[in-house]
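Beneath this line is the structure, given in structure tokens, with notes to follow.
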Amino acid sequence: MKKQIAIITGASSGLGSDYARELNHYIEVDEIWIIARREDLLLKLKSEIESQKCKIKILPLNLTDRTSFTVIKDLLDAQDFEVKILINNAGLGKFANIEEISLLDHQQMIDLNITALVSLTKICLPKMSAPGYIIQVSSIASLIPFPRFATYSATKTFVKYWSQALANEIKFGGSNKQISVLAVCPGPVATEFFEIASTYQKRVHKNFASPKDVVRKSYDDLLKNKNISIYGLPMNLFAIIYKWLPSAMINWILRLTNRT
Ligand SMILES: NC(=O)c1ccc[n+]([C@@H]2O[C@H](COP(=O)([O-])OP(=O)(O)OC[C@H]3O[C@@H](n4cnc5c(N)ncnc54)[C@H](OP(=O)(O)O)[C@@H]3O)[C@@H](O)[C@H]2O)c1
């Protein structure tokens, strides 16, 4: 029998570590491959969660470097693995005006949030069979053209639409693969994200969601075969309001709330 594996990107902190910690409560696999750049944190997570039933393989890779995809593809091809679940969680945001953000930072947001996600999905799809699962971590910022979060929110809009298109292809496009695809759109979560995103908004607020709660809700929604997961009443209300407001009014609100 093929070894069933899970692949989780951005597993060295925040949502990614909790996706790894919680996985076996929802979906059983033989091995979890955890990917991020900080090897020490991956090793710490491995020693925390590895068990006889579920081995942990650490892959300290930089996903903005395209050679990393070749490493992962070669590992998958070397043995007859079945990818049971892929979680494209690694992501990066920078919060400032477009002109203030360096070109390299814009490029890295696009490389990590879009290119890595598309590449890993493309590499893993042929290795998946029914029932298979894909979680693509987007953001509530995907719903609106956020000033000072322009590149980030646009990359997350890509993630949301691309995931929904993939889900539709699988459901209605004649594919005989039963693969559930879920776009997760969290509001603010208490992780390292804001330390990296902003030079002036580093603190995690007490009303930010806990990563564990967001992760549990996304696994629940995945197993219910939903295509989108939004944690918490405030974020669900926000999503509904923005969906039905005319775009002229959205732009007026954005201008009002983003006056300097
Ligand atoms: N926190 C929020 O408020 C929030 C809200 C909505 C959506 N999200 C999304 O949630 C996802 C997880 O973020 P988080 O909140 O858990 O933030 P986080 O704690 O900063 O986690 C980001 C993860 O991505 C990894 N990563 C960053 N650059 C990488 C690279 N070049 N190559 C490989 N891995 C890389 C980081 O590991 P290394 O540094 O070790 O590489 C880390 O494990 C992201 O996609 C983010 O956009 C977060």
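Would you pick out the residues in segment 57-111 that are among the aromatic types (Phe, Trp, Tyr) and touching a residue at least 60 places away in the same chain (Cβ under 8 Å)?
81, 95
Please work out if residue 130 is among the hydrophobic types (A, V, I, L, M, F, W, C) and buried (at least 17 other Cβ atoms within 10 Å of the Cβ).
no
Against the conditions (1) surrounded by 15 or more Cβ atoms within 10 Å (Cβ to Cβ); (2) part of a helix (DSSP H, G or I), where does residue 47 fall short? Just the number, please.
Result: residue 47 passes all but (1).
Assigned to a strand (DSSP E or B) and buried (at least 23 other Cβ atoms within 10 Å of the Cβ) - does that describe any residue in segment 23-33?
yes
For every residue, the table says whether it meets (1) among the aliphatic types (A, V, I, L, M); (2) closer than 19 Å to residue 227 by Cβ.
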{"position": "72", "(1), (2)": "yes, no"}
{"position": "86", "(1), (2)": "yes, yes"}
{"position": "89", "(1), (2)": "no, yes"}
{"position": "121", "(1), (2)": "no, yes"}
{"position": "126", "(1), (2)": "no, no"}
{"position": "131", "(1), (2)": "no, yes"}
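Going through 229, 163 one at a time, which residue ends up being touching a Lys or Arg at 6+ places or on another chain (Cβ under 7 Å) and modelled with pLDDT of 90 or more?
Answer to the selection: 229.
Per-residue answers, yes or no, for (1) at pLDDT 90 or above; (2) away from the ligand (no atom under 16 Å from the Cβ); (3) buried (at least 16 other Cβ atoms within 10 Å of the Cβ):
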site: 175; (1), (2), (3): no, yes, no
site: 204; (1), (2), (3): no, no, no
site: 210; (1), (2), (3): yes, no, no
site: 219; (1), (2), (3): yes, no, yes
site: 224; (1), (2), (3): yes, yes, no
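Within segment 128-144, track down each residue that is within 22 Å of residue 112 (Cα to Cα) and either touching a strand residue (DSSP E or B) at 6+ places or on another chain (Cβ under 6 Å) or not in a helix (DSSP H, G or I) (or both).
133, 134, 135, 136, 137, 138, 139, 144 - these are the residues of segment 128-144 that are within 22 Å of residue 112 (Cα to Cα) and either touching a strand residue (DSSP E or B) at 6+ places or on another chain (Cβ under 6 Å) or not in a helix (DSSP H, G or I) (or both).
Say we look at segment 53-69 and pick out the residues that are more than 15 Å from residue 89 (Cα to Cα) and assigned to a loop (DSSP other than H, G, I, E, B); which of these is farthest from the ligand (Cβ to nearest atom)?
My answer is 53.
Scanning for something away from the ligand (no atom under 11 Å from the Cβ) and assigned to a helix (DSSP H, G or I), does segment 83-104 turn up at least one residue?
Within segment 83-104, one or more residues are away from the ligand (no atom under 11 Å from the Cβ) and assigned to a helix (DSSP H, G or I).
Looking at residue 71 and the list (1) crowded, with 16+ Cβ neighbours inside 10 Å; (2) of a type outside the set (S, T, N, Q); (3) at pLDDT 95 or above, which single condition is not satisfied?
(1)
Right, residue 189: at pLDDT below 90, touching a helix residue (DSSP H, G or I) at 6+ places or on another chain (Cβ under 7 Å) and surrounded by 13 or more Cβ atoms within 10 Å (Cβ to Cβ) or not?
Spelling it out, it is not the case that residue 189 is at pLDDT below 90, touching a helix residue (DSSP H, G or I) at 6+ places or on another chain (Cβ under 7 Å) and surrounded by 13 or more Cβ atoms within 10 Å (Cβ to Cβ).
Considering only residues of segment 1-52 that are within 9 Å of the ligand (Cβ to nearest atom) and in contact with an Asp or Glu (Cβ under 8 Å, 6 or more places away or on another chain), which is nearest to residue 216 (Cα to Cα)?
For segment 1-52, the residue satisfying everything is 14.
Could you tell me which residue of segment 1-22 is farthest from residue 92 (Cα to Cα), considering only residues that are of a type in the set (Ser, Thr, Tyr) and assigned to a helix (DSSP H, G or I)?
Per the criteria, the residue is 19.
The values are calculated or read from the model by the stated rules, or taken from the named source; none is laboratory data. Values in this document were obtained by computation on a predicted structure and should not be read as measured data. Note: ideal-geometry Cβ built from the backbone for every residue, glycine included; neighbour counts use all protein chains shown.
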